[in-house]
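Here's the structure we're looking at; comments come further down.
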Amino acid sequence: MEINNYSREGRTIVDIAGSLDSNSVAAAESKIMPLINDKSYIILDLSKCSYVSSAGLRLLLMITKGLAGKGGLLTLTGVCDEVKDVMEMTGFACFFKAFKDIPEALDALKKGEEPKC
């Protein structure tokens, strides 16, 4: 798994490549959780992430709650069908705001639109 983050239009974008599972979740947590600040918006790009386990879903939920507690927001982009299926089967799909890609997420955030789950 590889994680990179950068800023674009005042938003933090975190790019995850590989699987987000019990073998990689600790490394992902150590890189992502420090990015949570007051009123921060994190866009998590999963377009290169082929698998998310229950441990990965737990991390996504921790990030969402951490951001919400500080007035921020987590959005997901590029979620593949396999990961969408896991989120739907586990009931997690509506916990996360999702967009097709980063430009769509940035555009919606500029307009103050909430993504549909």
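Within the set [x] 44, 27, 22; [y] 34, 27, 24; [z] 109, 41, 22, the number that Cα extents along the principal axes in Å takes when calculated for this structure is listed as [y].
Taken per residue, the accessible surface of the chain reaches 53 Å², heavy atoms only and a 1.4 Å probe. Using only side-chain charges placed at the Cβ, +1 for Lys and Arg and -1 for Asp and Glu, the dipole size of the range 1-82 relative to its Cα centre rounds to 340 debye. Model label points for Ser50 and Arg8, set 7 angstrom from Cα along the Cα-to-Cβ axis, are 2.3 nm apart. Sorting 54-67, 23-36 by their mean Cβ neighbour count within 10 Å, with the most densely packed peptide first, gives 54-67, 23-36. Distances between placed amide hydrogens fall under 5 Å for Leu76 paired with Leu44, Lys97, Ala98, Phe99, all partners being 5 or more residues away or on another chain. For the range 21-86, carbon and sulfur atoms together expose 51% of the accessible surface, with a 1.4 angstrom probe and every protein chain in place.
For the range 66-117, the Cβ-based charge dipole about the Cα centre amounts to some 300 debye (Lys, Arg positive; Asp, Glu negative; other atoms uncharged). The calculated FRET efficiency for Asp81 paired with Ala27, based on their beta-carbon distance and R0 = 25 Å, is about 0.50. When shorter helices are ignored and each DSSP H run of at least 4 residues is given -39500 (n - 2.57), the per-residue value for the chain at 222 nm works out to -11000 deg cm²/dmol.
The mean sequence distance of close C-alpha pairs (under 8 Å, at least 6 residues apart), as a share of the length of the chain, puts its relative contact order at 23 percent. DSSP bridge analysis restricted to the chain gives an antiparallel fraction near 30%, rounded to the nearest 5. Ranking Leu46, Ala98, Leu67 by Cα position along the charge dipole of the chain, where only Lys, Arg, Asp and Glu carry charges on their C-beta atoms, puts Leu67 farthest toward the positive end.
Stretching Leu61 away from Met89 to a fully extended chain increases their span by 8.5 nm, per 0.36 nm per residue minus the current alpha-carbon distance.
The values are calculated or read from the model by the stated rules, or taken from the named source; none is laboratory data. Keep in mind the model is a prediction, meaning the values are calculated, not measured. All Cβ positions, glycine included, derive from the backbone under ideal geometry; neighbour counts span all protein chains shown. Side chains are part of the model used for accessible areas, which takes the heavy atoms of the whole protein and leaves out ligands, DNA and RNA. Shrake-Rupley method; radii C 1.70, N 1.55, O 1.52, S 1.80 Å.
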